[in-house]
Amino acid sequence: MDFIFQSIGLTLASLQSVLSPIYSVIIANSFMYVGAILLLFGVGKFMNIKIQNVHYIFSSILFICLYSIFTLFYPNTRIRLIVFTIMILPVFTHTICIILFKADRKHRRFAVHVTIAHALLVLIHGSRAYIGLSNFRLFDYSYLHQSESIFIMISLLLMVYLTFSITQMIYMKLLHQLDQSIDYTKDLLVKTQHLANTDNLTKIYNRGKIEDTLKEQMNIYEIYDRLFSVLMVDIDHFKRFNDQYGHDFGDQVIIEVSRLLQQNLRATDSIGRWGGEEFLIVLRDSNLQIAQSVGQKLINIIGAKTLEYGEIKENMTISIGCSEMKESYTMSKLIKSADIALYEAKQNGRNRIEINS
């Protein structure tokens, strides 16, 4: 809208030889003045800066009245020139000040060319004010004095430059918002993927993710012959915890056991909740001897822990079944092998590790 106003104003001003002063002087200059104010408001809105509009409404009314008086009743080109320049320079200066001093760094970067365009407009109109105040002789607009023709031509060029500057400013902000949107989408995808792979209670891998990890490790074994083992872990007497203290305490037992297990594994190992009170651990580059050592260490750590929950204090133990990857094993056979070893650990008194070789 601001560009439309200023463009109409400049067009009418350039047609002084064929239009009456009401159109070519009063309306033309009023459109240019109001257009500059609208541009100021537009820049402020673009940069999320509130601008008081009351005094600009009054200044617009005053501008129209003064131009009407010194065009229709007391025609005076010099006074009109001074009035126009003195009233429009603060508008351009206000726009520059908003960009340089009130806008944030990001928006200032967007509006570099808008600032330059307004600085050039201040220079042009300041030159006009100097000419007027210096009492240089100017012909009436109806004669299209050469200096005024040059001014209109330069103003039109500056309007074109300003148009491209505003377009670039908007384009840069849209690109910035697009980049932010892409970053937000990427972050959202990462979080969604994390949620899809994470057990809601324990915050470790869920069954689907630990299965994917196991498949990946089996592929590495097939290609590079890198051995690995698995531990199937089960919390002993978990049903008693639930029956005696309720599911809230049972959840705390699962959370604490998973935390201790994860905390005491290598960075290269993986752990996931297999279901209920069972956990599956994938030990990379580990044979049965290493796996047994790791399992026994975990049993000792869990057994030494006393869980306190309110007034409840309980010791916890775990049983572990251990199996090593073999060439003939599928994933289900490997899991079944570890599960059989876990069953033996339960049958042999719990709080122990058994190996299925």
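The values are calculated or read from the model by the stated rules, or taken from the named source; none is laboratory data. Owing to the predicted nature of the structure, the values given are computational and were not obtained by experimental measurement. We place every Cβ from the backbone using ideal geometry, glycine too, and count neighbours over all the protein chains shown.
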Checklist outcome for this item: Scanning region 268-304 for residues that are outside any helix (DSSP H, G or I), of a type in the set (G, A, S) and modelled with pLDDT of 95 or more gives S270, G272, S286, A304
Checklist outcome for this item: Residue set V230, V282; condition touching a Cys at 6+ places or on another chain (Cβ under 8 Å) and either on the phi > 0 side of the Ramachandran plot or not charged (D, E, K, R) (or both); output residue V230
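If I filter region 156-166 for residues that are at pLDDT 95 or above, surrounded by fewer than 16 Cβ atoms within 10 Å (Cβ to Cβ) and more than 36 Å from the chain's Cα centre (by Cα), do I get at least one hit?
Restricting attention to region 156-166, the residues satisfying the condition of being at pLDDT 95 or above are none.
No, every residue in region 156-166 fails to be at pLDDT 95 or above, surrounded by fewer than 16 Cβ atoms within 10 Å (Cβ to Cβ) and more than 36 Å from the chain's Cα centre (by Cα).
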Checklist entry - For region 179-195, does any single residue satisfy the condition of being under 27 Å from E324 (Cα atoms) and modelled with pLDDT of 90 or more? => result no
Next on the checklist: Cβ contacts < 7 Å: first residue assigned to a helix (DSSP H, G or I), restricted to region 312-341; second residue modelled with pLDDT under 95, any location; separation 6+ or different chain. Result?
Outcome noted: S337/N356; A338/N356; I340/N356; A341/N356
Next on the checklist: Being assigned by TED's automatic domain parsing to the domain that holds S24 and at pLDDT below 70 narrows it down to one residue among F101, F136; which is it?
Outcome noted: F136
Checklist entry - Hey, among Y56, Y67, which residue is crowded, with 16+ Cβ neighbours inside 10 Å and within 20 Å of L121 (Cα to Cα)? => result Y56
Checklist outcome for this item: Within region 304-338, restricting to residues that are crowded, with 19+ Cβ neighbours inside 10 Å and out of contact with any helix residue (DSSP H, G or I) (no Cβ under 6 Å at 6 or more places or on another chain), the one that is nearest to N264 (Cα to Cα) is A338
Next on the checklist: Looking at region 91-114 only, could you name the residues that are under 15 Å from T163 (Cβ atoms) and surrounded by fewer than 20 Cβ atoms within 10 Å (Cβ to Cβ)?
Outcome noted: H113
Checklist entry - Inside region 64-120, can you point out the residues that are outside any helix (DSSP H, G or I) and under 12 Å from V43 (Cα atoms)? => result A103, A111
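Taking region 207-227 as the search range and keeping residues that are β-branched (V, I, T) and surrounded by fewer than 17 Cβ atoms within 10 Å (Cβ to Cβ), which one is nearest to I271 (Cα to Cα)? So that I can check it myself, show each step before the final result.
Applying the first criterion (β-branched (V, I, T)) to region 207-227 yields 210, 213, 220, 223.
After this cut, where a residue has to be surrounded by fewer than 17 Cβ atoms within 10 Å (Cβ to Cβ) as well, the list is 220, 223.
Values: I220: 18, I223: 23 Å.
Only one residue fits best here, namely I220.
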Checklist outcome for this item: Reported set for region 176-222 where residues are polar (S, T, N, Q), more than 18 Å from G276 (Cβ to Cβ) and either outside any helix (DSSP H, G or I) or under 31 Å from the mean Cα position of the chain (by Cα) (or both) is Q177, Q180, S181, T185, T192, Q193, N197
